[in-house]
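The values are calculated or read from the model by the stated rules, or taken from the named source; none is laboratory data. What you see is a predicted model, and the numbers here were worked out from it, not measured in a lab. No Cβ is skipped: glycine too gets one built from the backbone with ideal geometry, and neighbour counts run over all protein chains shown. These accessible areas exclude ligands, DNA and RNA; they are computed on the full protein's heavy atoms, side chains included. Shrake-Rupley method; radii C 1.70, N 1.55, O 1.52, S 1.80 Å.
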Amino acid sequence: MAYRVINFNPGPSALPLDVLMKVQEELLDYRGTGMSVMESSHRSPEYDEINEQAMLLAKELMGLGDDYHVIFVGGGASTQFAYIPLNFMHGGKAGAYIDTGTWSTKAIKEAKIIGDMHLAASSKDAEYRFIPKQKDIDLPNDAAYLHITTNNTIKGTQYHYIPETGGIPLIADMSSDILSRRMDFNKFDFFYAGAQKNLGPSGVTLVVIKEHMLSKIKDGLPTMIDYRTHCEKKSLFNTPPAFGVYVMKLVLEWIKDRGGLDAVEDVNRQKKDAVYEVMDEHSDYFKGTAEKDSRSWMNVTMRLPNEDLEKKFIAEGKEAGFIGLKGHRSVGGIRVSLYNAVTLEGAQRVAEFMENFKSKN
Ligand SMILES: *Cc1c(COP(=O)(O)O)cnc(C)c1O
């Protein structure tokens, strides 16, 4: 067995071991083709099946019907920050945004370049420690859409409700919590996720578009930017990030085999409980940066009493076989990322490590 760390990287992050082993097994000769998926034509019947299966599995796991398109594109979630306003923000309508920190701030920046951005709510004044509540959302009734970031990877907060928009299209960046829990995906008109946290390797972005949104797209856009191109061609207009789509398909199969989102949510709940319990038990020592009702299940963020202790925590964690515990460079502190591929045992071991570290330091 190869040497493997317990990987708490925030993204790109751990992939399920079973998936990596399957990739290894199929790498040199994908199903009798005598080549890897990386070397195959994206017009081959083998790739056609991978593409179709990945799309169908994503829909099945999310409970989406024929009124949704699932496409796989390149450019990461960050490209979507610009493509969304380019496609949907026009005709004098503003794009409304909720600012919950780093990634939503970046999405807002792109919207401002392209057109009229309306700030519907923000927790900036409170250092993004919470998710704004429904009653605090100021949404113009002619907005083109409302954009939210369901999980805030850097600030450690997550939506635990889906905003009501009164018919205005709801758009979400789900990069860091997609398929981590049960959710009514049908409440969203458009959502997207860079694959590298919960879905697969970097390089592929999952984009889900409800049919009625296609009629709202601005005319005259360059072909690759217009979402209709990728929906009509089923992600095969140009060369897709094929290997990434293949690995994503294996990850989706892995989720299905475990029992779907019910089972995944159950394990993820136990994982985050293990870590937050230790934090709450020693709340004067492990200071959570998110308010309790906005805590993320995916990224647990905290500060220790001082920076020297944080450095020591990260160094000793490394010796214990954990990597990726350092908080984002913009906020410092400690971040424990508990994406789907992190095992319950991994989460329990880091919780135990926290307990021991506290008693010795
Ligand atoms: C990681 C992340 C991104 C950035 O994704 P890229 O694929 O690197 O562009 C955007 N939004 C959220 C919420 C993220 O966690």
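Overview of results
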quantity: Matching residues in segment 257-314 - criterion: being among the small types (Gly, Ala, Ser), surrounded by fewer than 19 Cβ atoms within 10 Å (Cβ to Cβ) and in a helix (DSSP H, G or I); calculated: 260, 263
quantity: Number of the exception - residue 145 against (1) within 22 Å of the chain's Cα centre (by Cα); (2) open to solvent by 30 Å² or more (accessible area, probe 1.4 Å); (3) away from the ligand (no atom under 16 Å from the Cβ); (4) not charged (D, E, K, R); calculated: (2)
quantity: Residues (in contact (Cβ under 8 Å) with a residue 12 or more places away in the chain, open to solvent by 40 Å² or more (accessible area, probe 1.4 Å), within 24 Å of the chain's Cα centre (by Cα) and away from the ligand (no atom under 16 Å from the Cβ)) located in segment 8-41; calculated: 17, 18, 22
quantity: Residue satisfying condition, being open to solvent by less than 50 Å² (accessible area, probe 1.4 Å), of a type in the set (Gly, Ala, Ser) and assigned to a loop (DSSP other than H, G, I, E, B), within set 347, 351, 341; calculated: 341
quantity: Segment 238-252, residues that are assigned to a helix (DSSP H, G or I) and either closer than 17 Å to residue 30 by Cα or β-branched (Val, Ile, Thr) (or both); calculated: 242, 243, 244, 245, 246, 247, 248, 249, 250, 251
quantity: Checking residue 198 against (1) closer than 24 Å to residue 11 by Cβ; (2) among the polar types (S, T, N, Q); (3) in a helix (DSSP H, G or I), the condition it does not meet; calculated: (3)
quantity: Filter result for residue 233 (among the charged types (D, E, K, R), farther than 29 Å from residue 92 by Cβ and free of Cβ contacts under 8 Å to residues at least 60 places away in the same chain); calculated: yes
quantity: Scan of segment 319-338 for residues that are of a type in the set (S, T, N, Q) and open to solvent by 40 Å² or more (accessible area, probe 1.4 Å), ordered by number; calculated: 330
quantity: Test result for residue 330, polar (S, T, N, Q) and modelled with pLDDT of 95 or more; calculated: no
quantity: Unique residue being part of a loop (DSSP other than H, G, I, E, B), within 12 Å of the ligand (Cβ to nearest atom) and β-branched (Val, Ile, Thr) when the list is 162, 168, 154; calculated: 154
quantity: Selection count where residues are within 11 Å of the ligand (Cβ to nearest atom), closer than 22 Å to residue 229 by Cα and hydroxyl-bearing (Ser, Thr, Tyr), scope segment 74-120; calculated: 2
quantity: Strands (runs of 3 or more DSSP E) fully within segment 30-142 counting 1 or more residues that are modelled with pLDDT of 95 or more and more than 27 Å from residue 243 (Cα to Cα); calculated: 95-99, 117-122
quantity: All positions within segment 197-214 that are more than 13 Å from residue 84 (Cβ to Cβ) and away from the ligand (no atom under 16 Å from the Cβ); calculated: 210, 211, 212, 214
quantity: Sole exception among (1) open to solvent by 40 Å² or more (accessible area, probe 1.4 Å); (2) among the aromatic types (Phe, Trp, Tyr); (3) over 23 Å from residue 203 (Cβ atoms); (4) within 16 Å of the ligand (Cβ to nearest atom) for residue 3, by number; calculated: (4)
quantity: Residue match in segment 256-274 (condition: hydrophobic (A, V, I, L, M, F, W, C) and within 17 Å of residue 153 (Cα to Cα)); calculated: no
quantity: Among (1) surrounded by fewer than 20 Cβ atoms within 10 Å (Cβ to Cβ); (2) closer than 18 Å to residue 120 by Cα; (3) not basic (Lys, Arg), the one test that residue 220 misses; calculated: (2)
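Listed here are the residues, each with its yes/no results for (1) surrounded by 20 or more Cβ atoms within 10 Å (Cβ to Cβ); (2) under 21 Å from residue 80 (Cβ atoms); (3) hydroxyl-bearing (Ser, Thr, Tyr).
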residue: 135; (1), (2), (3): no, no, no
residue: 140; (1), (2), (3): no, no, no
residue: 150; (1), (2), (3): yes, yes, yes
residue: 162; (1), (2), (3): no, yes, no
residue: 174; (1), (2), (3): yes, yes, no
residue: 186; (1), (2), (3): no, yes, no
residue: 190; (1), (2), (3): yes, yes, no
residue: 195; (1), (2), (3): yes, yes, no
